[in-house]
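These notes concern the structure reproduced below.
The values are calculated or read from the model by the stated rules, or taken from the named source; none is laboratory data. The shown structure was predicted, so the numbers you read here are calculated from the model rather than taken from an experiment. All Cβ positions, glycine included, derive from the backbone under ideal geometry; neighbour counts span all protein chains shown.
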Amino acid sequence: MPLTGIRVLDFGRYIAGPYCAALLADYGADVIRIEAPGGNDDRYTVPVAEDGSGAMFMQMNRAKRGLTLKPGSPEGREIVRRLAETADVVIANLPHDALVKLGLDYDSISAINPRIILATASAFGSEGPLASRVGFDAVGQAMSGTVHLTGTPDQPYRAQVNYVDFGTALHCAFGIMLALRTREATGKGQCVSGSLLGTALALSNALTIDHALNGIDRQPLGNRAFSSGPTDIFRTRDGWIVTQIVGNGIFARWAELVGCPELIDDPLYASDILRGDNGEELSTIMQRWCIERTSAEAIAEMGAARVPAAPVLRAGEALAQPQVAAMGLVEPVDYPGANGALPVIRAPIRLSGIDKAVARRAPLVGEHSDAILAELGYDAEAISALRAARII
């Protein structure tokens, strides 16, 4: 495994920090998930097991070891110090002032271990007028311009999937890889900083470049796209499908398929941006074509014509697709007290010369506390005393 021997301390919560650490665990890192005694709040979101552990927790904390700890107590700070001495990476998506209070800021932990890499993720970074404010994924979505363009003029919509959190986790994991590579040459660690606002703006940057140079204040179009067409969601006889018609070649094949070849040379539809500008009529044509077919029939015909389309599936249908099985994306793991195996999806990439580590479940609350503390030099009596004092 490429990350075997790398120890990661995960002080993260919810998605941005924990998912970053999970990606490292997928490829062999020893990730220690550190929670408050009794478990953090994010453990119990959307419960799926008898102990209350939730669906998000199962995904974010796969293959980690679990340690419970009050890091702000004197005894907890000593445990953090010993952990930092042995660690390569610390991940903490906490505000900067909280990091300082817990002794997890870069100045504090690098004084303990100059080789350590600190990865932080906050809502707004460490500088500027909003630096001290907290925020979640939807804050980044809303402040990036994408929520305004999603939905209708009367009702903006945010995305249900927390893509800003996940994007921040991916950027931080990338930064950690760069810092580890740099450490090979310099022997020194450094701080990797990510933010929800930075990620959201990076992912929506094409929209802001468009406005900066074209000066057009784009308005929401429902499920239509302003830069292509017919890109939209359509009702069929038995459900819904989505199409994304991008590029002249695909548009020409689509026009032939729906029996409107005259559209190919129509100057109204000569480019993607023009097809977006005039997309209402294209969507009307496509809707007439779709409503005469079932979703399966429509998708089969478009597939044969090499026109991108897909069914709009429910969550309960998504993993049952034969394509998902063929790609080997789901790796079931058992968790005590869960009503069946958890269909976990790990890093959805393949390396031709490297396999992922064996799939393992998320830890129970404090499941590995004794073992981890023993590795740090605590004997059984000392561990019992820490537990009695609710430090662990």
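A quick yes/no check of all residues on (1) hydroxyl-bearing (Ser, Thr, Tyr); (2) assigned to a helix (DSSP H, G or I):
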| residue | (1), (2) |
| --- | --- |
| Leu94 | no, no |
| Lys101 | no, yes |
| Leu104 | no, no |
| Ser110 | yes, yes |
| Pro114 | no, no |
| Ala121 | no, no |
| Glu127 | no, no |
| Leu130 | no, no |
| Gly135 | no, no |
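So which helices (runs of 4 or more DSSP H) are wholly in the stretch 270-348 and hold at least 2 residues that are among the polar types (S, T, N, Q)?
Working: elements: 272-277, 279-290, 295-304, 315-318, 322-327.
Of the helices (runs of 4 or more DSSP H) lying wholly inside the stretch 270-348, those with at least 2 residues that are among the polar types (S, T, N, Q) span 279-290.
Between a first residue in the stretch 334-345 that is under 17 Å from Tyr44 (Cα atoms) and a second residue that is of a type in the set (Val, Ile, Thr) and in a loop (DSSP other than H, G, I, E, B), which pairs have beta carbons less than 7 Å apart while being 6 or more apart in sequence or on different chains?
Between residues of the stretch 334-345 that are under 17 Å from Tyr44 (Cα atoms) and residues that are of a type in the set (Val, Ile, Thr) and in a loop (DSSP other than H, G, I, E, B), the close pairs are Ala338/Val48.
Can Ile117 be described as within 23 Å of Arg361 (Cβ to Cβ) and either outside the structural domain of Asn162 (by TED's automatic domain parsing) or in contact (Cβ under 8 Å) with a residue 24 or more places away in the chain (or both)? So that I can check it myself, show each step before the final result.
On the way: within 23 Å of Arg361 (Cβ to Cβ): no; either outside the structural domain of Asn162 (by TED's automatic domain parsing) or in contact (Cβ under 8 Å) with a residue 24 or more places away in the chain (or both): yes.
For Ile117, the condition - within 23 Å of Arg361 (Cβ to Cβ) and either outside the structural domain of Asn162 (by TED's automatic domain parsing) or in contact (Cβ under 8 Å) with a residue 24 or more places away in the chain (or both) - is not met.
Out of the residues in the stretch 6-40 that are among the charged types (D, E, K, R) and over 17 Å from the mean Cα position of the chain (by Cα), which is surrounded by the fewest Cβ atoms within 10 Å (Cβ to Cβ)? Reasoning before the result, please.
Of all residues in the stretch 6-40, those among the charged types (D, E, K, R) come to 7, 10, 13, 26, 30, 33, 35.
Restricting the remaining residues to those that are over 17 Å from the mean Cα position of the chain (by Cα) gives 7, 30, 33, 35.
Working: Arg7: 17, Asp30: 20, Arg33: 30, Glu35: 23.
Among them, the one singled out is Arg7.
Let me confirm something: among Glu292, Glu317, Glu301, Glu280, which residue is touching a helix residue (DSSP H, G or I) at 6+ places or on another chain (Cβ under 7 Å), acidic (Asp, Glu) and either surrounded by 14 or more Cβ atoms within 10 Å (Cβ to Cβ) or within 18 Å of Ile241 (Cα to Cα) (or both)?
Working: Glu292 fails: touching a helix residue (DSSP H, G or I) at 6+ places or on another chain (Cβ under 7 Å); Glu317 fails: touching a helix residue (DSSP H, G or I) at 6+ places or on another chain (Cβ under 7 Å); Glu280 fails: touching a helix residue (DSSP H, G or I) at 6+ places or on another chain (Cβ under 7 Å).
One residue alone meets the criteria, Glu301.
Tell me, yes or no, whether the stretch 85-95 has at least one residue that is surrounded by 15 or more Cβ atoms within 10 Å (Cβ to Cβ) and either free of Cβ contacts under 8 Å to residues at least 24 places away in the same chain or farther than 23 Å from Met177 by Cβ (or both).
Applying the first criterion (surrounded by 15 or more Cβ atoms within 10 Å (Cβ to Cβ)) to the stretch 85-95 yields 86-95.
After this cut, where a residue has to be either free of Cβ contacts under 8 Å to residues at least 24 places away in the same chain or farther than 23 Å from Met177 by Cβ (or both) as well, the list is 95.
Yes, there is a match, as at least one residue in the stretch 85-95 is surrounded by 15 or more Cβ atoms within 10 Å (Cβ to Cβ) and either free of Cβ contacts under 8 Å to residues at least 24 places away in the same chain or farther than 23 Å from Met177 by Cβ (or both).
Only residues that are under 30 Å from Glu75 (Cβ atoms) and of a type in the set (A, V, I, L, M, F, W, C): list them for the stretch 337-380, please. Before the answer, list the steps.
In the first step, residues of the stretch 337-380 are kept if they are under 30 Å from Glu75 (Cβ atoms); the result is 360-380.
Across the stretch 337-380, the qualifying residues are Ala362, Leu364, Val365, Ala371, Ile372, Leu373, Ala374, Leu376, Ala380.
Going by the structure shown, is Arg77 assigned by TED's automatic domain parsing to the domain that holds Phe166, modelled with pLDDT under 95, surrounded by fewer than 23 Cβ atoms within 10 Å (Cβ to Cβ) and of a type outside the set (A, V, I, L, M, F, W, C)?
Taking the combined requirement at face value, the residue satisfies it.
Restricting attention to the stretch 316-323, does a residue exist that is within 30 Å of Gly229 (Cβ to Cβ), of a type in the set (D, E, K, R), under 28 Å from the mean Cα position of the chain (by Cα) and outside the structural domain of Arg253 (by TED's automatic domain parsing)?
yes
Considering only residues that are out of contact with any strand residue (DSSP E or B) (no Cβ under 6 Å at 6 or more places or on another chain) and of a type in the set (D, E, K, R), which ones fall in the stretch 179-230?
Result: Arg181, Arg183, Glu184, Lys188, Asp210, Asp217, Arg218.
What number of residues within the stretch 75-92 satisfy the criterion of being outside any helix (DSSP H, G or I) and farther than 12 Å from Ile32 by Cβ?
If we filter the stretch 75-92 for residues that are outside any helix (DSSP H, G or I), which is where we start, we get 87-92.
Pick out the ones that are also farther than 12 Å from Ile32 by Cβ and you get 92.
Summing the residues that are outside any helix (DSSP H, G or I) and farther than 12 Å from Ile32 by Cβ in the stretch 75-92 gives 1.
Could you list, in sequence order, all residues of the stretch 7-37 that are part of a loop (DSSP other than H, G, I, E, B), within 17 Å of Thr199 (Cβ to Cβ) and of a type in the set (A, V, I, L, M)?
First, pick out the residues of the stretch 7-37 that are part of a loop (DSSP other than H, G, I, E, B): 11-15, 27-29, 36-37.
From the residues that got through so far, the ones that are within 17 Å of Thr199 (Cβ to Cβ) too are 12-15.
Selection gives Ile15 alone.
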